[in-house]
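Input: a single structure, listed below in structure tokens.
The values are calculated or read from the model by the stated rules, or taken from the named source; none is laboratory data. Please read all numbers here as calculations on a predicted model, not as lab measurements. Neighbour counts are summed over all protein chains in view; Cβ atoms, including those assigned to glycine, are modelled from backbone coordinates with ideal geometry.
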Amino acid sequence: MLPKPPAREPSLNFLYIEPYRIIGSSVAGEATTIMVPELDVCFDLGSCPRSMLPCKWACITHGHMDHVGGLAYWCSQRNFLGMGRGNIICPAAIAPAIQKMMEGYIDLERQKTPFKIHPLEPEGMIQIKPNVFVRAIPLEHTVPTCGYTVIERRSKLKPEYVGLPQDKLTELKDRGTEITRFLEIPLVAYIFDTAPGAALLREDVRKAQIVLTECTFFEPEDKERAKIGMHLHVSDLVEWLRVCECKAMVIGHVSRRTNLAIAKSNLVKSLGREKADRVFFLQDGKVNRERYERQLMDAGEHPLQQKGVAGTGGRSGGFRGRPPREGGGDRVSSRSVPPRA
Ligand SMILES: [Zn+2]
Ligand SMILES: [Zn+2]
């Protein structure tokens, strides 16, 4: 009898939450890495799938291997493929250890992979795109850890000057009057790994459009384990969701033994459908694929519509939110088109 081939490695998970693609994988204790291509940033590199390489910025939360294991490889592959230096944003407290790790590879490989570490103290900020900044926010974990919020800064006219004619505004400006103020719009918050604490209630987290977060434990009897490991338990999530204003909360760092269908139905029971409908499990490949198919249908861009098999023909033009092709597992199946919800 021939030996069996190895089990297929799971491909990357994908969610399109307008206007962002959320791509990655995250399993507690194994590896977490999640990217938002539109922001040019990936969060953590517990492993380094090829899709993560084009991101210019990597925000590392802490030094546990499931968050940092692919970091050196990411820098090396970016260099190998001519993508330029990897920019590593990390808590200042772990910057020396990351530097040491990267220098270890210089000794091993006898070559110098370019990288730049950007250490951030808690509340520190760094610009990653025009008007877009990453802020480090302190989290409570068993080792020094920071979460991140990605903030857009817009300059707005101060209320007292709204409605004034342009020449008056120019005159005020010429006289040195500060006529604008900065408005902060939190786009994405990334909260991995942490015990429940003040960070969850901050304005830039509560008001973020998308919250990417861990939830490691779901069973009532695992509350103590969550406390010891300084992770979130589903009961923390339920409390948090009552005050969180995000349009989507994406959950990762779920252990393999968690049954996602049961976890989601428990969330619905505790929160009510409306609040629970904002919650997505990154690992829930089937549900997320079906959701994406519905999005394609709604946009008239489903392959079946394109061929004129279903509906009345699709819109032409590109759709920017395509899922990653790695492993092929995230390709849209044309066989299981669910009814619209
Ligand atoms: Zn972890
Ligand atoms: Zn950890």
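Out of the stretch 26-38, which residues are more than 10 Å from the chain's Cα centre (by Cα) and either surrounded by fewer than 23 Cβ atoms within 10 Å (Cβ to Cβ) or away from ligand 2 (no atom under 16 Å from the Cβ) (or both)? Answer for the stretch 26-38, where residues must be more than 10 Å from the chain's Cα centre (by Cα) and either surrounded by fewer than 23 Cβ atoms within 10 Å (Cβ to Cβ) or away from ligand 2 (no atom under 16 Å from the Cβ) (or both): 27, 28, 29, 30, 31, 38. For the stretch 221-235, the set of residues classified as away from ligand 2 (no atom under 16 Å from the Cβ) and either within 13 Å of residue 193 (Cα to Cα) or of a type in the set (Lys, Arg) (or both) consists of 223 only. Taken over the stretch 106-164, the residue count meeting the criterion of being modelled with pLDDT under 95 and of a type in the set (Phe, Trp, Tyr) is 1. For residue 148, the conditions (1) part of a loop (DSSP other than H, G, I, E, B); (2) within 16 Å of ligand 1 (Cβ to nearest atom); (3) of a type in the set (Ser, Thr, Tyr) all hold with the exception of (1). Scanning the stretch 57-76 for residues that are on the phi > 0 side of the Ramachandran plot and either in contact with a helix residue (DSSP H, G or I) (Cβ under 9 Å, 6 or more places away or on another chain) or surrounded by 17 or more Cβ atoms within 10 Å (Cβ to Cβ) (or both) turns up nothing.
Among the candidates 287, 205, 243, 250, single out the residue that is of a type in the set (A, V, I, L, M) and touching a Pro at 6+ places or on another chain (Cβ under 9 Å). After ruling out the rest, the residue left standing is 205. Residue 163 falls short on exactly one of the conditions (1) among the small types (Gly, Ala, Ser); (2) over 38 Å from the mean Cα position of the chain (by Cα); (3) surrounded by 11 or more Cβ atoms within 10 Å (Cβ to Cβ), and that condition is (3). For the stretch 1-24, the candidate set comprises residues that are closer than 19 Å to residue 258 by Cα and surrounded by fewer than 22 Cβ atoms within 10 Å (Cβ to Cβ); within that set, the residue that is modelled with the highest pLDDT is 11. Would you point out the residue of the stretch 44-56, among those that are on the phi < 0 side of the Ramachandran plot and out of contact with any Leu (no Cβ under 7 Å at 6 or more places or on another chain), that is nearest to ligand 1 (Cβ to nearest atom)? Out of the qualifying residues, it is 46. The single condition among (1) among the hydrophobic types (A, V, I, L, M, F, W, C); (2) within 16 Å of ligand 1 (Cβ to nearest atom); (3) more than 19 Å from residue 194 (Cβ to Cβ) that residue 271 does not satisfy is (2).
Here the stretch 126-142 is the region considered, the condition is being exposed (fewer than 15 other Cβ atoms within 10 Å of the Cβ) and either within 16 Å of residue 67 (Cβ to Cβ) or in contact (Cβ under 8 Å) with a residue 12 or more places away in the chain (or both), and the residue that is nearest to ligand 1 (Cβ to nearest atom) is 142.
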